[in-house]
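Readers should treat all values here as calculations from the given coordinates under stated rules, not as data from a laboratory. Just so it is clear, the model here is predicted, and its values are computed rather than measured. When we count neighbours, we look across all protein chains shown, and the Cβ atoms used for this are built from the backbone with ideal geometry, even at glycine.
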Amino acid sequence: MRRLLFAALIFLVIGPVPGAVMRFPESDLTQSAVARPLAVAPAQGGAMRFVRGWHLVSPHSRFGGFSAIARLRTDRFLLVGDNGYSTRLALDERGGAVAVRIRPLPTPDGRPARKAMVDAEAMFVDPESGRTWIALEGINQFWRLDPELSKIESRRKLRGWPRNRGAEGMTRLADGRTAVFSEGVDEDSRGSAALIYTGDPAAPGPAPTRFFYDSRGKGLVSDAATLPDGRILLVHRRLGFDPVFTTIIAIVDPADIRKDAVVRSRTIGRVPVPLAENYEGAAISVEQGRTWLWLVADNNFNSWQRSLLLQFELVDLPPKKGSDSKRPRGNPAALLLLAM
């Protein structure tokens, strides 16, 4: 009963019901956005040092609902929403949003997009080819898109996971594998289901390796990203009342991942309460020798929520455990090309 009540709370708080047609009170396709700097100075804690943040707003009716983010290059971002729209934008020297381009994702048959068809929840971009991989909930598929996000080059079914609790976090590891975390496929007492693909997850290939992620005390996984040292950063969303959303950041060592193994993470920090929101997208960048964590919030097209973009510096991360000599080696680009 407790689990059913919690699931009901999630649907009530987080907005549109999967399977519904995405509707908007007005249709405004203006290609512009504003990045309003956040005037907050939250207390620092853990390994996350808050640097700056913005409230992203746009007159465009489909702007928002962001579930994934990629840092393309300095101050340029790709955002993907669970309404099936992508947003490219850049931040200028004053923190304003420029070069804004808001477009629908392609669909397999060109039909009007329904929530269940284009519910994008996770993404990574190959910096060399510009191709984008997207994990979609509802239809439980992985898509590989061309650099312009205009064509689905390949797609593959994710089997065995519930339609509404599918892939929520996805990241390419340093060795070319892809790790996928469910939002909460936790019918097994060992934890929530997770997968490792050795090749392109959107193309035909060997079956993935299943393992389990124990997120006890942290909430549900909402995204994943790969750190420079090869470890996986996981974003967790925990619902409450004050604040409604608590975002907890933790790290997992891929060396612990084996078939049917239970993997646990180590908490490194959380989003300060003054910045509490429904963060569903994470990206890591390394610039000038420093490691940055970028988080974007899903406003669910609700008037009481905000599309926030935050920047943190990651400092004094806990050291890795032991040697990484057991980790598979290889060229990430070569592994993916072989799978295409």
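Summarising the amide proton neighbourhood of G166: residues at separation of 5 or more, or on other chains, whose placed amide H is nearer than 5 Å comprise G138, E183.
Under the shape rule built on the C-alpha gyration tensor, where the axes satisfy a ≥ b ≥ c, region 118-165 is prolate, since a/c reaches at least 1.5 and a/b is greater than b/c.
When each of the peptides 119-130, 58-69, 207-218 is scored by how many other beta carbons lie within 10 Å of its residues on average, the order from highest to lowest is 58-69, 119-130, 207-218.
Histogrammed with a bin width of 10 Å, the alpha carbon distances of region 68-174 distribute as 15, 48, 29, 8, 1 percent, first bin at zero.
The simple Förster model, with R0 at 25 Å and r as the Cβ-Cβ distance, assigns R266 and E287 a FRET efficiency of 0.50. Seen from A33, the other residues with C-beta closer than 11 Å to its C-beta sum to a net charge of +3, counting Lys and Arg as +1 and Asp and Glu as -1.
Extension gain, R94 to S150, is 17.1 nm, computed as 0.36 nm per intervening residue step minus the present C-alpha separation. In terms of its alpha-carbon gyration tensor, region 176-235 comes out oblate; a/c meets the 1.5 threshold, while b/c is at least as large as a/b. Using only the Cα atoms of region 26-101, each taken as one equal point scatterer with no solvent, compute I(q) by the Debye sum, divide by I(0), and report log10 of the ratio at q = 0.13, 0.27 Å⁻¹. With one equal scatterer per Cα and no solvent, log10 I(q)/I(0) is -0.44, -1.33. For region 57-62, 3J(HN,Hα) computed residue by residue from phi via the Karplus equation (6.51, -1.76, 1.60; θ = phi - 60°) reads 9, 7, x, 5, 5, 9 Hz, glycine and proline entered as x.
Applying the Karplus relation 6.51 cos²θ - 1.76 cosθ + 1.60 with θ = phi - 60° to region 287-302 yields 3J(HN,Hα) values of 9, 6, x, 10, 9, 10, 10, 10, 10, 10, 9, 8, 8, 6, 6, 9 Hz, where x marks Gly and Pro.
Rounded to whole Å, give me the distance from the Cα center of region 260-302 to that of region 155-213. Measuring centre to centre over Cα atoms gives 19 Å.
With viscosity set to 0.890 mPa s and temperature to 25 °C, compute the Stokes-Einstein D of region 114-247, Rh being the Kirkwood radius across alpha carbon pairs; µm²/s, no decimals. The Stokes-Einstein estimate is 161 µm²/s. Under the convention that each Lys and Arg Cβ holds +1 and each Asp and Glu Cβ holds -1, the size of the dipole of region 133-253 around its Cα centre is about 280 debye.
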